[in-house]
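The values are calculated or read from the model by the stated rules, or taken from the named source; none is laboratory data. Owing to the predicted nature of the structure, the values given are computational and were not obtained by experimental measurement. Backbone-built Cβ (ideal geometry, glycine too); neighbour counts: all protein chains shown. All accessible areas refer to the heavy atoms of the entire protein, side chains included, with ligands and DNA or RNA removed. Shrake-Rupley method; radii C 1.70, N 1.55, O 1.52, S 1.80 Å.
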Amino acid sequence: MRTIDLRSDTVTTPTPGMREAMASAEVGDDQFGEDPTVNALQDLVASLLGREAALWLPTGTMANQVALRALTRPGDDVIVSRECHAMWHETGASAANAGVQFTEVGEHGVFSRDEFDLVVKPRGHATYAPTTLVEIENTHNRSGGRVFPQAAAVAVAASARDRGIASYLDGARLWNASVATGLPPSQLAAPFDLVGVCLSKGLGAPGGSLLAGSSDLIARCHRYRRMAGGAMRQAGIFAAAGLYALDHHLTRLADDHAHAAVFAAKVATGSGVRLDPEAVQTNIIVFGLGPDAPDAATVVGRARAKGVLMFAIGPRSVRAVTHLDVTRADCEQAADTVLSVLD
Ligand SMILES: *Cc1c(COP(=O)(O)O)cnc(C)c1O
């Protein structure tokens, strides 16, 4: 039985072409700034995101953590979307490393300028933690890969700028948002001071994330990357995979989105399933299980026994993610499996 792994878009393995690019990469000591492949990737991503400079980091979590260090001080307040990655999936790192507190706003991973303005805490107040950063996640993982509407991103970032609040875009899946909206990554990134992107999600590289921003800000990030133990040596082996991924795996994300739509349309017909297929915009499907359906652990366990892997992301919610290593037929078969385990 072939396993269809929909747990995450991080489960892909490097293709033969990608492995070849890694094997033949020109490398050097990146701590001396001498890895030509890392430098080429940093330059390319800076230009794709319309920024002066970019910095390679091993993981997206480190990118988020370095961003918090570079843009806040301990005790500050950071306004984020509800159920954002930095708050739910980084093991408390934001409190441990940057020492910030979060204020969650909005619904389904998105929020408006009005919602933002209502929870901003001023500097210099006798009791408030000053809000010094707003972070937007696009696409938003736990809400099912939802795209943050660009007009709202522009309005929130403008309000933040007026108040002297910095802005950060967690764009681990910004490439998906770009393909789904038809807007170039540079336009999606434009409202923000600092932008993080991952190469190890839908793009299929074995690792690597980048932060992009002004040269001054990236210089600050450089220091905090080192502090986090993330300064590597011949990282060009990884960077080569990233360059290959941007060349070969970017436009095909549209396939993943189409496959997610196929999966969602079928699963939404299941009894007790709570899922609006229209709300599936990219490669992530999060579906709820009503009171008459089995719980998430049961559905995931039964599906696993039939060769389909998914994640229980809550007691009654399941996540499935499409990617490079699953076909349309796999997604149809996986959806049939889900329907068969709901009774
Ligand atoms: C995956 C992800 C990250 C980074 O995760 P790593 O596993 O550390 O690479 C950051 N933000 C979001 C929204 C993510 O989905």
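Distances over 27 Å make up what percent of all Cα-Cα pairs in the chain? Could the numbers behind the result be given before it?
Numbers: 27003 of 58653 pairs.
Above the 27 Å cut-off, the chain has 46 percent of its Cα pairs.
Structural descriptor for the chain: relative contact order 24 percent, calculated from alpha carbon pairs under 8 angstrom and at least 6 residues apart. Heavy-atom accessible area for MET87, with the other protein chains in place and a 1.4 Å probe, reaches approximately 80 Å².
The alpha carbon gyration tensor of region 228-343 gives principal lengths a ≥ b ≥ c with a/c of 1.5 or higher and a/b greater than b/c, which makes the shape prolate. Once all protein chains are placed together, THR59 keeps about 70 Å² accessible to a 1.4 angstrom probe. Couplings 3J(HN,Hα) for region 99-113, derived from phi with the Karplus relation 6.51 cos²θ - 1.76 cosθ + 1.60 (θ = phi - 60°), are x, 9, 10, 10, 10, 8, 9, x, 8, 6, x, 10, 8, 9, 4 Hz, where x marks Gly and Pro. When nucleic acids and ligands are ignored and a 1.4 Å probe is applied, TYR224 ends up with an accessible area of around 30 Å².
At 0.692 mPa s and 37 °C, plugging the Kirkwood radius over alpha-carbon pairs of region 71-143 into Stokes-Einstein gives what diffusion coefficient in µm²/s? Mind showing how you got there, number by number?
On the way: Rh = 12.6 Å.
Answer from the Stokes-Einstein relation: 261 µm²/s.
Converting phi to 3J(HN,Hα) with the Karplus coefficients 6.51, -1.76 and 1.60 and the offset θ = phi - 60°, region 316-333 yields 10, 9, 10, 10, 10, 10, 8, 6, 3, 9, 10, 9, 4, 5, 4, 5, 5, 5 Hz in sequence order, with x at every glycine or proline.
Between ASP292 and ASP325, what's the calculated FRET efficiency when r is the beta-carbon distance and R0 is 56 Å? Round to 0.05. Present the calculation step by step, with values, prior to reporting the outcome.
Details: r = 34 Å, r/R0 = 0.60.
For ASP292 and ASP325, the calculated efficiency is 0.95.
Under the criterion of Cα pairs below 8 Å and six or more residues apart, the relative contact order for region 69-161 equals 33 percent. Over region 174-327, Cα pairs under 8 Å with separation of 6+ residues give a relative contact order of 19 percent. Projecting the Cα positions of MET18, TRP56, GLY75 onto the charge dipole of region 12-84 (unit charges on Cβ atoms of Lys, Arg, Asp and Glu, taken about the Cα centre) puts GLY75 furthest along the positive direction.
Find out how many positive minus negative residues lie around ALA95, taking Lys and Arg as positive, Asp and Glu as negative, among other residues whose Cβ is under 13 Å from that of ALA95.
Values: positive: ARG69; negative: ASP76, ASP77, GLU90.
Residues near ALA95 contribute -2 overall.
Take the Cβ atoms of LEU250 and THR127, set R0 to 45 Å, and the FRET efficiency comes out at 0.40.
Just the number, please: Stokes-Einstein D of region 243-283 in µm²/s, Kirkwood Rh from C-alpha pairs, 4 °C, 1.567 mPa s. Show your work: numbers first, answer last.
Numbers: Rh = 11.4 Å.
Roughly 114 µm²/s, to the nearest whole number.
Within the chain, what's the longest run with no GluC sites (Glu not before Pro) in a DSSP loop and at most 14 other beta-carbon atoms within 10 Å? Give the range, please. Counting only loop sites that pass the neighbour cut-off, the longest clear stretch is 53-343. Counting only protein chain heavy atoms and rolling a 1.4 Å probe, the accessible areas of LYS266, LYS121, LYS306 rank, largest first, as LYS306, LYS266, LYS121.
Which net charge results for the neighbourhood of VAL11, defined as the other residues with beta-carbon distances under 11 angstrom from its beta-carbon, given Lys and Arg at +1 and Asp and Glu at -1?
Working: positive: ARG7, LYS201; negative: ASP5, ASP9, ASP325.
Here the charged neighbours net out to -1.
Note on the chain: helix-only mean residue ellipticity at 222 nm, from DSSP H runs of 4+ residues weighted -39500 (n - 2.57) and normalised by residue number, equals -11500 deg cm²/dmol. Neighbours of THR139, meaning other residues whose beta-carbon lies under 12 angstrom from its beta-carbon, give a summed charge of 0 when Lys and Arg score +1 and Asp and Glu score -1.
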